[in-house]
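Reviewing the structure listed below.
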Amino acid sequence: MTGRNRLRSLLTIAYWNGVLPMKRMPLFLLNTIASPLSFLFFIVVVSHGALLLYGVAGGIVLTMLSIGTSVQTDLSHYKSDLKLHDLVVASPVEAPIYVAGLALSEFLFAIPGISLFIVIWALSGNPISLSSALLVVLALILVWAFASALGFTLATYFEDIRETFVFSPLLSLALTVLPPIYYPASFLPSWLRPFAYLSPATYAVDLVHQAMGLTNFNGIPEPYLLPAWADILALVAFAAAFFVIAAKKARWREP
Amino acid sequence: MDAVNTHGLGRTYDSGKDGTRALDGVSLKIPAGSVYGLIGRNGAGKTTFLRIIGTQLMPTDGSAEVLGFDVVREPRPIRERIAVIPQESRPLYFLTVEELVDLHLRQRGMARAEAKERTRKVLADLDLTRLSHKIVNRLSGGMRRRAMVAMVLASDAEFLLLDEPTTGLDPLARREVWAAIRQASRDHRTVLLTTHYLDEAEALSHRLALLDNGKLIVEGTPNEIRARVRWPFRVTVPLTIPEEELRSYGEVSAFAGGHLVFTREAQARSLTELALKRNLPVSMAPVSLEDVFLQLVGRPLDEATPTEEAES
Ligand SMILES: Nc1ncnc2c1ncn2[C@@H]1O[C@H](COP(=O)(O)OP(=O)(O)OP(=O)(O)O)[C@@H](O)[C@H]1O
Ligand SMILES: [Mg+2]
């Protein structure tokens, strides 16, 4: 395919997997907002409102991370329920285009949720500057890239969609429960902190905290884990590593 | 030019200790522009062969060239030129039939105007126009299958791989698909298809290959294949002629209304005369492809394969 055809292909996939379902099944959108929003509600209630912005930061990151699961379940659905994986493999559509198209469609689904969190952030009275907005967008894109590559690689290994149901919760446990997504990093017992560094969510959340200027919690100074550039570097490294893994290990053609 | 050229192509599925030998040393050529039928019992290896040729599955031994490119080393240029319908695949259920075809073409990189025109044409050819705005989910199973056939036929691929494209289609719909496949061949496209309908295989295919247990049993035009079996004629007589008497003519089997005897031409004639002399109804005909199929793969495995005897 030429570059122009690739773009056409990518946008077509995003259209049928994102735009059309949104138009035909708008309830799907509620679904993507529901779980980060209910986490936020929980966090705010338990902390008597003190963790509102931490909850917003966590919601943004979690929404993007969950795109990985969505890409994976989309792929598994098309592969094992509709048996359409083979149809795509044996066509001019290359793996990166297919995944990018699906990932883009999931990004579209995430937009309402992200917007909602940003509105809450704006309404909370904390200033949003251009640079902080850019940092958040950067964090979003990097998490999105990482999660999509991970979702794709995993999906190509699954034979049956039920394996996805078993594996996904384990994965999100590792990716999202250990990292201090919804609360300050200092809340985490120190012996657990090294584990948190294993998840890209940790760096993404740290970056979003810095963008939002969350420097203290209830008057207690809350240091960032790493400088912003180091967070960005870590996220780029994760995304790049999983792109390489996807390119080398994903089973596009059955071995 | 050959669209496909395989040498000792094989595939072993590695499932734990004992792997399944799904394809075993298959060497064959598929002439470009022909319709090539692949037949064989369930589990014979048809899908495995198709998936290797379609670059969806790696072979474990042997080699295959598709449109002049090696399936293992050069999948890219092959994928640019093929379109497939996987066995048991189902179309995206939330699209309309028209969107399904149109978006498939654009996903393959086709420009909007061309995709629109090709979509219109294929829907007309396959008698789907009146369903074009229906959501796929609301179609019957056979209509869905036809929609998949439409997707692939509308593409600009020069080689189409169709794994049981007509399973579940009514007799008229099947004939519409046949017409479209023949048209594809007239347009110099190559079609490789599998089917369990032997009348279809015979009506459509320029050449056929019969696989059994992963091995190529026989290959050629339908007539060549018919000529290669031990018993090229079939005679049916009533049950009143006892089986013992019939055995001297050839191979006897009973069916609901009488005895079926597979035999050679001379014996077929004399058996027909015998029946007529006794005033019994009789029919004699060259074997159908289905008979050939039963003769070649419908016997216990420990017996010698009839083709070997036919050759000696
Ligand atoms: N993914 C797989 N893993 C292990 N064994 C497999 C796999 N796919 C197919 N097989 C085995 O390979 C053999 C050939 O299967 P294949 O699907 O090619 O048959 P087929 O001729 O297409 O049959 P059918 O007419 O039922 O579609 C069978 O014994 C089957 O059990
Ligand atoms: Mg099959």
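The values are calculated or read from the model by the stated rules, or taken from the named source; none is laboratory data. Treat the numbers as computed from the prediction; the structure is a model and nothing was measured. Glycine gets a Cβ as well: all are built from the backbone with ideal geometry, and neighbour counts include every protein chain shown. Just so you know, the surface numbers come from the protein's heavy atoms only, side chains and all, with ligands and any DNA or RNA stripped out. Shrake-Rupley method; radii C 1.70, N 1.55, O 1.52, S 1.80 Å.
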Next on the checklist: At 1.4 Å probe radius, can you tell me the per residue accessible area of region A:3-249 in Å²?
Outcome noted: 45 Å²
Checklist entry - For the modelled label position 7 Å from the Cα of B:Thr20 along Cα-to-Cβ, which residues of region B:31-57 have backbone nitrogen atoms closer than 20 Å? => result B:38-57
Checklist outcome for this item: Applying the gyration tensor rule to the Cα atoms of region B:207-301 (axes a ≥ b ≥ c; rounded if a/c under 1.5, else prolate if a/b exceeds b/c, else oblate), the class is prolate
Checklist entry - What is the Rg over Rh value, at two decimals, for chain A, using alpha-carbon atoms and the Kirkwood definition of Rh? => result 0.98
Checklist entry - On average, how much area does the Cα convex hull of the protein assembly as shown cover when viewed from any direction, in nm²? => result 32.6 nm²
Checklist entry - Once the dipole of region A:3-249 is set up with Lys and Arg at +1 and Asp and Glu at -1 on Cβ about the Cα centre, which of A:Thr156, A:Ala204, A:Ser47 lies farthest towards its positive end? => result A:Thr156
Item to check | Quotient of C-alpha Rg and 2.2 N^0.38 Å, computed over chain B | outcome: 1.14
Checklist entry - Per-residue mean of other chain beta-carbon atoms within 10 angstrom of the beta-carbon, peptide B:96-108? => result 4
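Across peptide B:48-61, how many C-beta atoms of other chains are within 10 Å of each residue C-beta, on average? Display every interim value, and only then the final one.
Numbers: counts 0, 0, 2, 5, 2, 1, 6, 6, 9, 5, 4, 0, 1, 0.
Across the residues of B:48-61, the mean count of other-chain Cβ atoms within 10 Å is 3.
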Checklist entry - Among B:Leu192, B:Leu239, B:Ser27, whose Cα sits farthest toward the positive end of the charge dipole of the protein assembly as shown (+1 at Cβ of Lys/Arg, -1 at Cβ of Asp/Glu, about the Cα centre)? => result B:Leu192
Item to check | Selected from A:Val119, A:Asn218, A:Phe187, residue furthest toward positive end of dipole (region A:3-249; charges at beta carbon) | outcome: A:Val119
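Given axes a ≥ b ≥ c from the Cα gyration tensor, I'd like to know whether region A:129-182 is rounded (a/c under 1.5), prolate (a/b larger than b/c) or oblate. Please report the intermediate quantities before stating the final value.
Numbers: a/c = 4.51, a/b = 1.97, b/c = 2.29.
Because a/c hits 1.5 or more and a/b fails to exceed b/c, region A:129-182 counts as oblate.
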Checklist entry - When the accessible area of chain A is computed with all protein chains present and a 1.4 Å probe, what percentage of it is carbon and sulfur? => result 74 percent
Checklist entry - To the nearest 100 Å², how much accessible surface do chains A and B hide from each other in total, with a 1.4 Å probe? => result 3100 Å²
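For region A:3-249, calculate the relative contact order in percent as a whole number, restricting contacts to Cα pairs under 8 Å that are 6 or more residues apart. Provide the component values of the computation, followed by the final result.
Working: 296 pairs, mean separation 65.3, N = 247.
RCO, region A:3-249: 26 percent.
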Checklist entry - For the modelled label position 7 Å from the Cα of B:Ala203 along Cα-to-Cβ, which residues of region B:156-193 have backbone nitrogen atoms closer than 15 Å? => result B:165-183
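Averaging sequence separations of C-alpha pairs under 8 Å and six or more residues apart, then dividing by the length of region B:61-173, give the relative contact order as a whole percent. Let's see the in-between values first.
Numbers: 132 pairs, mean separation 41.3, N = 113.
Over region B:61-173, the number comes to 37 percent.
Nearest-5 percent of antiparallel DSSP beta bridges in the protein assembly as shown? Before the final figure, lay out the partial values.
Values: 37 of 56 bridges.
The antiparallel proportion sits near 65 percent.
Grab the DSSP H runs of the protein assembly as shown that are 4 residues or longer, score each as -39,500 (n - 2.57), total them, divide by all residues and round the 222 nm result to the nearest 500 deg cm²/dmol.
Values: 23 runs with 291 residues, N = 567.
Dividing the helical sum by the residues of the protein assembly as shown leaves -16000 deg cm²/dmol.
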Checklist entry - List the lysines whose alpha-carbon lies under 29 Å from that of A:Lys249, not counting same-chain residues fewer than 8 positions away? => result A:Lys79, A:Lys83, B:Lys17, B:Lys46
Item to check | Complex-versus-alone comparison for region A:217-255, residues with a loss of 10 Å² or more in accessible area, probe 1.4 Å | outcome: A:Trp252, A:Arg253, A:Glu254, A:Pro255
